[in-house]
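Data first, discussion second: the structure below is written as structure tokens.
Every number here is computed from the coordinates shown, using simple stated rules; none is lab data. If you're wondering where the values come from, they're calculated on a predicted model, not measured in any experiment. Quick reminder, even Gly has a Cβ in these numbers, built from the backbone with ideal geometry, and neighbours come from all protein chains shown.
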Amino acid sequence: MVFERVKKMILSELKVEESKISLTARLQEDLGADSLDAVELIMNIEDEFDISISDEAAQNLKTVGDLVTYIESQSK
């Protein structure tokens with residue numbers, strides 16, 4: 001399941017409590033990701049799922065749900 005894989009990556013990258021990670025959790029406001037964290041997370045997601053995320057697309061990925069939806073749309 002994409003969400004579970006993304007959740008593990010967020011746990012590893014951002015060191016937040018697992019209970020805070022939901023599809024509606026905002027990466028910056030709720031999970032405390034700064035711009036460097038976001039770049040690292042995007043790079044890790046690209047490697048993990050073998051996809052490419054443009055800078056423009058990355059700027060629109062605000063929540064965990066946005067990430068999951070984007071990954072699922074690219075992984076078909």
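Only residues that are part of a helix (DSSP H, G or I), farther than 14 Å from Lys8 by Cα and in contact (Cβ under 8 Å) with a residue 60 or more places away in the chain were counted across region 26-76, and they come to 2. Identify, please: which residue in region 57-76 is of a type in the set (Ser, Thr, Tyr) and out of contact with any helix residue (DSSP H, G or I) (no Cβ under 8 Å at 6 or more places or on another chain) and is, among those, farthest from Thr24 (Cα to Cα)? By that ranking, first place goes to Ser73.
Scanning region 6-25 for residues that are outside any loop (DSSP other than H, G, I, E, B) and either of a type in the set (S, T, N, Q) or surrounded by 14 or more Cβ atoms within 10 Å (Cβ to Cβ) (or both) yields Val6, Lys7, Met9, Ile10, Leu11, Ser12, Glu13, Leu14, Ser19, Lys20.
Condition check ((1) surrounded by 17 or more Cβ atoms within 10 Å (Cβ to Cβ); (2) over 11 Å from the mean Cα position of the chain (by Cα); (3) of a type in the set (D, E, K, R)) across all residues:
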| residue | (1), (2), (3) |
| --- | --- |
| Gly32 | no, yes, no |
| Asp37 | yes, no, yes |
| Ser54 | no, yes, no |
| Val64 | yes, no, no |
